1. Cβ-Cβ below 8 Å, separation at least six or inter-chain, first residue in region 190-216 and under 19 Å from residue 174 (Cα atoms), second of a type in the set (Ser, Thr, Tyr) and exposed (fewer than 15 other Cβ atoms within 10 Å of the Cβ): which pairs?
2. Out of (1) assigned to a loop (DSSP other than H, G, I, E, B); (2) in contact (Cβ under 8 Å) with a residue 40 or more places away in the chain; (3) closer than 21 Å to residue 185 by Cα, what's the single condition that is false for residue 145?
3. Inspect region 61-76 for any residue being assigned to a helix (DSSP H, G or I), farther than 22 Å from residue 138 by Cβ and not hydroxyl-bearing (Ser, Thr, Tyr) and give the result as yes or no.
4. If only one of 86, 115 is touching a strand residue (DSSP E or B) at 6+ places or on another chain (Cβ under 8 Å), of a type outside the set (Ser, Thr, Tyr) and more than 16 Å from the ligand (Cβ to nearest atom), which one is it?
5. Would you pick out the residues in region 1-35 that are surrounded by 11 or more Cβ atoms within 10 Å (Cβ to Cβ) and either of a type in the set (Val, Ile, Thr) or closer than 30 Å to residue 90 by Cα (or both)?
6. Do you know which of the residues in region 130-170 that are hydrophobic (A, V, I, L, M, F, W, C), within 22 Å of residue 55 (Cα to Cα) and over 14 Å from the mean Cα position of the chain (by Cα) is nearest to the ligand (Cβ to nearest atom)?
7. Do we have residue 193 as of a type in the set (Phe, Trp, Tyr), loosely packed, with under 13 Cβ neighbours inside 10 Å and over 14 Å from the mean Cα position of the chain (by Cα) here?
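Here, each number is a calculation from the coordinates, and none is a lab measurement. Since we're looking at a predicted model, the values are computed, not measured. Methodologically, a virtual Cβ is constructed for each residue, glycine included, from the backbone with ideal geometry; neighbour enumeration extends over all protein chains shown.
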Amino acid sequence: MRRAGPLTYRGSSIPNTTTDQRLLDQRGPTDWVHTDPWRVLRIQSEFVEGFGLLSELPSAVSVFGSARIRPGNRYYDLGVEMGAKLAQAGYATITGGGPGIMEAANKGAQKAGGLSVGLGIELPFEQTLNDYIDMGMTFRYFFVRKTMFVKYSQAFVVLPGGFGTLDELFESSTLVQTNKVTRFPIVLVGTEFWGGLRDWIRDSLLENGLIKPHDMELVQVVDDTDEVVDIIRKSHLDIARQHQESEQHPGPEQ
Ligand SMILES: CC(C)=CCNc1ncnc2c1ncn2[C@@H]1O[C@H](COP(=O)(O)O)[C@@H](O)[C@H]1O
């Protein structure tokens with residue numbers, strides 16, 4: 001029998017070298033850097049770096065939207081306006097750090113004097129963080145990056161976009177629906193763009209009993225960026241009030 005830390009080996013499973021021998025041995029193949037145990041460490045280091053970068057962030061809102069929309073498009077302007085309004089309301093803006101609406105929201109936030117954050121993702125084609133980011137990090141792993149959006153922002157604002165944006169919208173809706181995150185406003189901006197999706201959710205998902213009626217309220221659809229800020233502010237005031245009440249009238253000890 002051989003014990004190696006928490007591991008136990010018996011019989012033919014006993015390795016013919018020890019962990020220390022393998023660590024100190026410089027010869028041999030280097031394919032271990034492409035193995036899952038090594039990846040686990042890289043994933044862990046991404047969490048450590050991300051938490052380190054973001055843990056002292058003030059209140060923040062994540063803004064999602066298309067990577068493909070260019071300056072001159074009305075939705076780009078909407079992104080700039082959204083970032084600026086969030087900055088004026090005292091929120092940091094977090095985006096995926098890429099081009100398009102992400103860039104627009106970062107630009108609006110930065111130009112209005114707010115804190116502009118970009119959480120980029122390594123992609124198969126060359127890609128750098130946009131030029132309007134005060135604090136940024138590029139992630140290797142999508143799922144680590146997604147944890148950062150949810151952990152360090154207090155609301156999601158979703159502007160027009162494609163698959164990436166829909167992924168972010170539905171992931172956050174699922175987290176709220178399953179109570180993994182609580183009291184977290186999700187606001188879609190652009191009724192013309194999002195109205196069809198909202199109708200489909202009602203007519204197909206709700207109609208067939210695949211979601212509950214109150215799930216329809218998880219996501220709000222508006223046009224006006226001031227209204228977005230009002231929804232987020234109101235939700236945060238409600239949370240603060242409930243917090244205060246529960247401190248004044250604590251329930252029975254669990
Ligand atoms: C030009 C191009 C496709 C660049 C891709 N570069 C990207 N850089 C950073 N985040 C991204 C990128 N593409 C997609 N995303 C993520 O997915 C969303 C946009 O995807 P889409 O364009 O809607 O589907 C963004 O909110 C962002 O978080």
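1. 210/204
2. Here residue 145 meets the rest and fails (1).
3. Within region 61-76, one or more residues are assigned to a helix (DSSP H, G or I), farther than 22 Å from residue 138 by Cβ and not hydroxyl-bearing (Ser, Thr, Tyr).
4. That would be 115, the only listed residue that is touching a strand residue (DSSP E or B) at 6+ places or on another chain (Cβ under 8 Å), of a type outside the set (Ser, Thr, Tyr) and more than 16 Å from the ligand (Cβ to nearest atom).
5. 8, 14, 18, 19 - these are the residues of region 1-35 that are surrounded by 11 or more Cβ atoms within 10 Å (Cβ to Cβ) and either of a type in the set (Val, Ile, Thr) or closer than 30 Å to residue 90 by Cα (or both).
6. If we take residues in region 130-170 being hydrophobic (A, V, I, L, M, F, W, C), within 22 Å of residue 55 (Cα to Cα) and over 14 Å from the mean Cα position of the chain (by Cα), then 133 is nearest to the ligand (Cβ to nearest atom).
7. no
Condition check ((1) over 19 Å from residue 125 (Cβ atoms); (2) buried (at least 19 other Cβ atoms within 10 Å of the Cβ); (3) free of Cβ contacts under 8 Å to residues at least 24 places away in the same chain) across all residues:
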residue: 65; (1), (2), (3): yes, yes, no
residue: 69; (1), (2), (3): no, yes, no
residue: 73; (1), (2), (3): yes, no, yes
residue: 78; (1), (2), (3): yes, yes, no
residue: 84; (1), (2), (3): yes, yes, no
residue: 90; (1), (2), (3): yes, no, no
residue: 97; (1), (2), (3): no, yes, no
